[in-house]
1. Among the residues of the range 68-88, which ones are without any contact (Cβ under 8 Å) to a residue 60 or more places away in the chain and open to solvent by less than 20 Å² (accessible area, probe 1.4 Å)?
2. Please indicate, with yes or no, whether at least one residue in the range 105-116 is of a type in the set (Ser, Thr, Tyr) and either surrounded by 16 or more Cβ atoms within 10 Å (Cβ to Cβ) or touching a Phe, Trp or Tyr at 6+ places or on another chain (Cβ under 9 Å) (or both).
3. What pairs can you find where one residue is in the range 22-42 and farther than 23 Å from GLY6 by Cα, the other is among the acidic types (Asp, Glu) and open to solvent by 60 Å² or more (accessible area, probe 1.4 Å), and their Cβ atoms are less than 7 Å apart, with a gap of 6+ or different chains?
4. What number of residues within the range 12-45 satisfy the criterion of being in contact with a helix residue (DSSP H, G or I) (Cβ under 7 Å, 6 or more places away or on another chain) and assigned to a strand (DSSP E or B)?
5. Can you tell me which residue within the range 1-51, out of those that are of a type in the set (D, E, K, R) and modelled with pLDDT under 95, is most open to solvent (accessible area, probe 1.4 Å)?
6. Quick one: in the range 231-266, of everything that is β-branched (Val, Ile, Thr) and over 17 Å from PRO216 (Cα atoms), which residue is most open to solvent (accessible area, probe 1.4 Å)?
7. Which of the residues belonging to the range 160-175 are within 16 Å of LEU133 (Cα to Cα) and either part of a strand (DSSP E or B) or aromatic (Phe, Trp, Tyr) (or both)?
8. Filter the range 117-132 down to residues that are assigned to a helix (DSSP H, G or I) and among the hydrophobic types (A, V, I, L, M, F, W, C) and give me whichever is surrounded by the most Cβ atoms within 10 Å (Cβ to Cβ).
Amino acid sequence: MTTRFGGIWPAMLTPTTADGAPSLAACEQLVDLFARQQLGGIYLVGSTGQWPLFTAEERKAIAACVVRAAAGRIPVMVHVGAMTTAEAVALARHAALVGADAVSAVGPVYYPQGAEGVLLHYRQIGAATDLPLFAYHLSTVNQMSLGPREFAARLLEVPNVAGMKITDRDLFPFGLIHSLAGDRLRLFSGADEVMCHAVLSGAVGAIGTFYNLWGPACALAREATTAGDVAAGRAFMLRFQAALDDVIRPGGMWSFLTAAMRVKYGIDVGTPRPPLGATDRAWTDDEVAAIVACVDGPNDSRPVAAGS
């Protein structure tokens, strides 16, 4: 069953209304877009989906909406990471109840935990449902107290564990985990900047922020790299990395994504809950179109209706 987990998965933006509430109507638009684009799946309410800024009830409503809208057309993996293990377990059980295809969870946050605490946290989440569990390692937040291979060996003992999402520009630990686990853990790259590079380290797919906007282009580049066309992968990644730098360096990622999803797809995803994105720079439509064209090419940067 886990072989269906691969390819390009947008870490889906969580659209908001003018008053900051989750926009379930816009969620449905995004699901329909990704399904029609035939992307690998949807990763829901993760870091890009602003999980720490939504209540548990809001997260449950988003998960139920997205799974219902997907209607089996595209797999949905629900991120259930939370401040407490009990809340993560409750979110995992809800994801199973509404019909999600898998769950994922970041390790314990804020309060430092040793390896035993992290693994106990994952064991309780994994045992809560029969869904495949993907551990989410975020290098800027989770610091491994075990070496990558030892961590992978211990993680394989967790009930229902199926893989990992590893968000780290350093691919050395990624390769070490794959060398130990092989096909027993399906590894997703979580750093958009090294999407194609991660193929060489054993990635079966990629989960990331900018696949909301550039999913099909990234899917083609990753497929080419996987098939051995390194030149095509390199050419794409050089354009893609330059575009990401143009967006991230001036401090306007969230405002760019809001503008770009409207310009390219006609979908209003709203703005993040403050303080996230509160000091982002403003973008003109011409600036957005120019950056979109750098990745997609000039013929693909025109507005596209969400339902077309």
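1. Initially, the range 68-88 is screened for residues without any contact (Cβ under 8 Å) to a residue 60 or more places away in the chain, giving 68-74, 76, 78-88.
Answer for the range 68-88, where residues must be without any contact (Cβ under 8 Å) to a residue 60 or more places away in the chain and open to solvent by less than 20 Å² (accessible area, probe 1.4 Å): ALA70, ILE74, VAL76, VAL78, HIS79, VAL80, GLY81, ALA82, ALA88.
2. The first filter runs over the range 105-116 and keeps only residues of a type in the set (Ser, Thr, Tyr), leaving 110-111.
Adding the requirement that they be either surrounded by 16 or more Cβ atoms within 10 Å (Cβ to Cβ) or touching a Phe, Trp or Tyr at 6+ places or on another chain (Cβ under 9 Å) (or both) leaves none.
Checked against the condition, which is being of a type in the set (Ser, Thr, Tyr) and either surrounded by 16 or more Cβ atoms within 10 Å (Cβ to Cβ) or touching a Phe, Trp or Tyr at 6+ places or on another chain (Cβ under 9 Å) (or both), the range 105-116 yields no hits at all.
3. If the second residue must be among the acidic types (Asp, Glu) and open to solvent by 60 Å² or more (accessible area, probe 1.4 Å), the pairs left are ALA26/ASP268.
4. Count: 3.
5. Initially, the range 1-51 is screened for residues of a type in the set (D, E, K, R), giving 4, 19, 28, 32, 36.
In the following step, the residues that additionally are modelled with pLDDT under 95 were identified as 4, 19.
Numbers: ARG4: 102, ASP19: 128 Å².
Taking the candidates together, the pick is ASP19.
6. So the first thing to find is which residues in the range 231-266 are β-branched (Val, Ile, Thr), and the list is 247-248, 258, 263.
From what's left, over 17 Å from PRO216 (Cα atoms): 247-248, 258.
Numbers: VAL247: 0, ILE248: 71, THR258: 33 Å².
Taking the candidates together, the pick is ILE248.
7. Pass one, the range 160-175, residues within 16 Å of LEU133 (Cα to Cα): 160-166.
The answer is VAL161, ALA162, GLY163, MET164, LYS165, ILE166.
8. Of the residues in the range 117-132, the ones assigned to a helix (DSSP H, G or I) are 117-128.
Still in the list and also among the hydrophobic types (A, V, I, L, M, F, W, C): 118-120, 125, 127-128.
On the way: VAL118: 23, LEU119: 19, LEU120: 15, ILE125: 28, ALA127: 14, ALA128: 22.
In this case the residue turns out to be ILE125.
The values are calculated or read from the model by the stated rules, or taken from the named source; none is laboratory data. All figures in this text were calculated on a predicted structure; none of them were measured in a lab. Cβ coordinates were reconstructed from backbone atoms using ideal geometry, including for glycine residues, and neighbour counts include every protein chain displayed. Only protein heavy atoms, including side chains, enter the accessible area calculation; ligands, DNA and RNA are left aside. Shrake-Rupley method; radii C 1.70, N 1.55, O 1.52, S 1.80 Å.
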